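Here's a structure for you.
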Amino acid sequence: MRPNTPSLPAPSFAGQDILSVSQFDRTKLEYVSGVAHEMRVLVERFGGADLLQGKILANLFYEPSTRTSSSFMAAMMRLGGQVIPINNVQYSSVSKGESLPDTIRTLESYSDVIVIRHPEVGAAATAAYYGANPVINAGDGVGEHPTQALLDLFTIVEELGKVDGLTVTMVGDLKYGRTVHSLTKLLLNYDVTFRFVSPEILQMPSDVLDAVNASGHAYEQVEALPDAVAGSDVLYVTRVQKERFTDLAAYDRVKDLYVVDEELLTQAKEQMIVMHPLPRVGEITYGVDDDPRAAYFRQMRNGMYVRMALLAAVLGRA
Ligand code: NCD
């Protein structure tokens, strides 16, 4: 430590909900990334630890999920905790018409923390309002996906060693993709330049663009992908969110507009990373997987380390 640097106490997340990226400033982000890195070392050396022994997670998913759901479960189990998995709400009392507040009150009487994914914007906040234990938003419709943004940020730090000064290009469904909404807002804590690549009907929502403008960050909106790739440090690719379209003919018109392939990567920097929250449905060809710049599988694994850090933090054990 440099002389005269005051030593600040680590931020405490104990007992808190994680609902939005707006809860995080740089100090908190650095803390989460630091703890996630320690979790990674822990898992690589020992497979885990018993930090959360005696704690139970209720994992409540009203929308499909593979990575988010199973990485939260793996995170809890690697820290010695246990999980109540509710991935098929059609087999729970939700299908009998039980309200969200009652489901939350029920689950929190059996558990210490609730992770919720729900199709409606604001559902995680509603759950947090009715629950006394920490609630973590694992995606609320087209709203936010804060834990994904935290793992995306952690991936950028692990892969590129810094965030300030980077050009981050986001491609695809910027309108309905909650991951890009959360990641853009989170990156406003850093000195980054944005490039938003989408067809007109899938542009970034105005509230996100307003936040970018208000914070004084530079951004450009373009439709052509090849022009945007050169000079980018991060290429963040997204799936067109079919389930959010009311007009499937409109979906068909835009679903195959952008494909990242080996040829496109010849335009890219040697140190650029390709990210994707996954699942992919054709936006990145399998040929790209062997390119060292393809970071999406490492990104996916990072999700477990970040969720270990978050669970330990909200349960007061980080
Ligand atoms: C994303 C989601 O659910 O928003 N997936 C994920 O959590 N890794 C992205 C997507 O479904 O396209």
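The values are calculated or read from the model by the stated rules, or taken from the named source; none is laboratory data. Bear in mind the structure is a predicted one, so any value in this text is a computation, not a measurement. Positions of Cβ are generated from backbone atoms using ideal geometry, with glycine treated the same way; all protein chains shown enter the neighbour counts. Remember, those area values only see protein heavy atoms, side chains included, never the ligands or the DNA or RNA. Shrake-Rupley method; radii C 1.70, N 1.55, O 1.52, S 1.80 Å.
Would you mind getting me the FRET efficiency between E270 and Y110? Use the beta-carbon distance for r and R0 = 51 Å, nearest 0.05.
0.50
Still on this structure, please answer the following. Any of K175/K242; K162/K255; K28/K162; K175/K269; K162/K269 with alpha carbons more than 22 Å apart? Name them for me.
Where the Cα-Cα span goes over 22 Å, the pairs concerned are K162/K255; K175/K269.
Something else now. What does the extension gain come out to for A132 and E30, with contour length at 0.36 nm per residue minus their alpha carbon separation?
Gain in length upon complete extension: 34.0 nm.
Right, next: If I model a spin label as a point 7 Å beyond the Cα along the Cα-Cβ vector, how far apart are those points for S22 and S99 in nm?
2.5 nm
Let me ask something else about it. Probe of 1.4 angstrom, ligands and nucleic acids ignored: what's the accessible area per residue over the chain, in square angstrom?
Roughly 45 Å² per residue, with all protein chains present.
Counting only Cα atoms, I'd like the Rg/Rh figure for the stretch 146-300, Kirkwood definition for Rh.
0.93
Which whole-number percent of Cα pairs in the chain have a distance greater than 38 Å?
13 percent
Quantify how much of the Cα-Cα distance distribution of the stretch 211-318 extends past 17 Å, in percent.
Considering the stretch 211-318, 65 percent of its Cα-Cα pairs are separated by more than 17 Å.
If a paramagnetic tag sat 7 Å from the Cα of R298 along the Cα-Cβ line, which residues of the stretch 194-226 would have the backbone N under 16 Å from that point?
No residue passes the distance filter.
Gap in Å between the Cα centre of the stretch 97-135 and the Cα centre of the stretch 33-52?
Between the Cα centres of the stretch 33-52 and the stretch 97-135 lies a distance of 27 Å.
Let me ask you something else. What is the list of residues in the stretch 49-73 whose amide nitrogen lies under 19 Å from a point 7 angstrom out from the Cα of V121, following Cα to Cβ?
Residues passing the 19 Å test: 63.
Using R₀ = 45 Å, calculate the FRET efficiency as 1/(1 + (r/R₀)^6) where r is the Cβ-Cβ separation of R244 and E44; round to 0.05.
Efficiency, from the Cβ-Cβ distance: 0.75.
Same structure again: Relative to the present Cα-Cα distance, how much length would full extension add between D256 and V281 at 0.36 nm per residue of separation?
The D256-V281 span can extend by a further 8.1 nm.
Set the Förster distance to 41 Å, then compute FRET efficiency between N88 and E200 from the Cβ-Cβ distance, nearest 0.05.
0.65
Can I ask one more? Between L19, L79, L265, where does the largest GNM mean-square fluctuation fall for the chain, given springs only between Cα atoms within less than 10 Å?
It is L265.
Distance between the C-alpha centers of the stretch 245-296 and the stretch 144-208? Whole Å please.
Between the Cα centre of the stretch 245-296 and that of the stretch 144-208, the gap is 15 Å.
Next up: Mind checking which helices in the chain clear 20 Å along their axis (Cα) and have mean Kyte-Doolittle hydropathy of -0.5 or more, DSSP H runs only?
26-46, 146-160, 296-314
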